[in-house]
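Worksheet for the structure shown next.
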Amino acid sequence: MPQTDKQICIPPELPELLKQFTKAAIQTQPPDLIQWAADYFGAMSRGEIPPEREQSERVASSTWAELTPDLLKILHSRVGGRLIIHVNELAQMWKVLNLPTHLFNSVMNVGRFTEDIEWLKFLALVCSALGVTISKTLKIVCEVLSSDYDGGPPRIPFSTFRFLYAYVAQVDGEISASQVSRMLSYIEQEIIGPDGLIKGAMRGLWSRSPHKNTGYGETKKEHPRSHR
């Protein structure tokens, strides 16, 4: 006969684990609790930070959060320096920040991304929703990627800027390869500091470039907001 009076042992860490899970679920207010719970405990089992929202990141669950460079900085920090990220993981990070689903889908369509997403390309297209023009988009990308916290202008390595600029120009489709090459040569000779970073960010860059009379760098792109 089965024993019915056997004492059940409760793992000592279980109450605190459930307490923290419940607290995180209440704070985050996920639209799909079951999926969020699976992501939460999956992250914990891998030794990662669970997908809970910090106090500074909480937004009203009834409306989308307004896309800002600060939110993109949070998203970039959660990607954790990876160059490639799976679409499901990125979609979950996007959802936790309560960013607009239609924008995510638009960026996926414009960039023609599949399961494995090149993060810097994805970020550049998201920034284009804020920047509208190429110059403003790259300025925002610099702000998001920069690790400078001294209040000065944001700076990024020239190699990163070169990659992003070439990609944004390719998506734009109205800037020739020769224009891209001339612009990058100008930046390499005139704008880069001794540390290999673009100094002064994008301030005055386009007005001082060799293409200032051609409207170069101010072309309106096919940005994600036109693909809702």
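The values are calculated or read from the model by the stated rules, or taken from the named source; none is laboratory data. Everything numeric here is computed off the predicted structure, so don't read it as measured data. When we count neighbours, we look across all protein chains shown, and the Cβ atoms used for this are built from the backbone with ideal geometry, even at glycine. The protein model used for the area step is the full one, side chains on, heavy atoms only, and it has no ligands, DNA or RNA in it. Shrake-Rupley method; radii C 1.70, N 1.55, O 1.52, S 1.80 Å.
Residue by residue, here is whether (1) open to solvent by 30 Å² or more (accessible area, probe 1.4 Å); (2) farther than 27 Å from G42 by Cα; (3) of a type outside the set (F, W, Y); (4) part of a strand (DSSP E or B) holds:
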{"residue": "E89", "(1), (2), (3), (4)": "yes, no, yes, no"}
{"residue": "N98", "(1), (2), (3), (4)": "no, no, yes, no"}
{"residue": "F104", "(1), (2), (3), (4)": "no, no, no, no"}
{"residue": "N109", "(1), (2), (3), (4)": "yes, yes, yes, no"}
Q) For the stretch 48-75, what are the residues that are open to solvent by less than 80 Å² (accessible area, probe 1.4 Å), at pLDDT 70 or above and among the hydrophobic types (A, V, I, L, M, F, W, C)? A) A65, L67, L71, L72, I74, L75
Q. Do you know which residues across the stretch 137-151 are surrounded by 13 or more Cβ atoms within 10 Å (Cβ to Cβ) and either at pLDDT 80 or above or among the hydroxyl-bearing types (S, T, Y) (or both)?
A. T137, L138, K139, I140, V141, C142, E143, V144, L145, S146
Q.
For G204, only one of the following conditions fails: (1) on the phi > 0 side of the Ramachandran plot; (2) modelled with pLDDT of 80 or more. What is its number?
A. (2)
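Yes or no, residue by residue, for (1) in contact with a Gly (Cβ under 6 Å, 6 or more places away or on another chain); (2) at pLDDT below 85; (3) charged (D, E, K, R); (4) in a helix (DSSP H, G or I):
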position: P153; (1), (2), (3), (4): yes, yes, no, no
position: Y165; (1), (2), (3), (4): no, no, no, yes
position: V180; (1), (2), (3), (4): no, yes, no, yes
position: M183; (1), (2), (3), (4): no, yes, no, yes
position: P194; (1), (2), (3), (4): no, yes, no, no
Q | Count of the stretch 111-135 residues which are without any contact (Cβ under 8 Å) to a residue 60 or more places away in the chain and open to solvent by 50 Å² or more (accessible area, probe 1.4 Å) | A | 5
Q: Could you list, in sequence order, all residues of the stretch 26-44 that are in contact (Cβ under 8 Å) with a residue 24 or more places away in the chain and either open to solvent by 20 Å² or more (accessible area, probe 1.4 Å) or part of a loop (DSSP other than H, G, I, E, B) (or both)?
A: Q27, Q29, P30, P31, D39
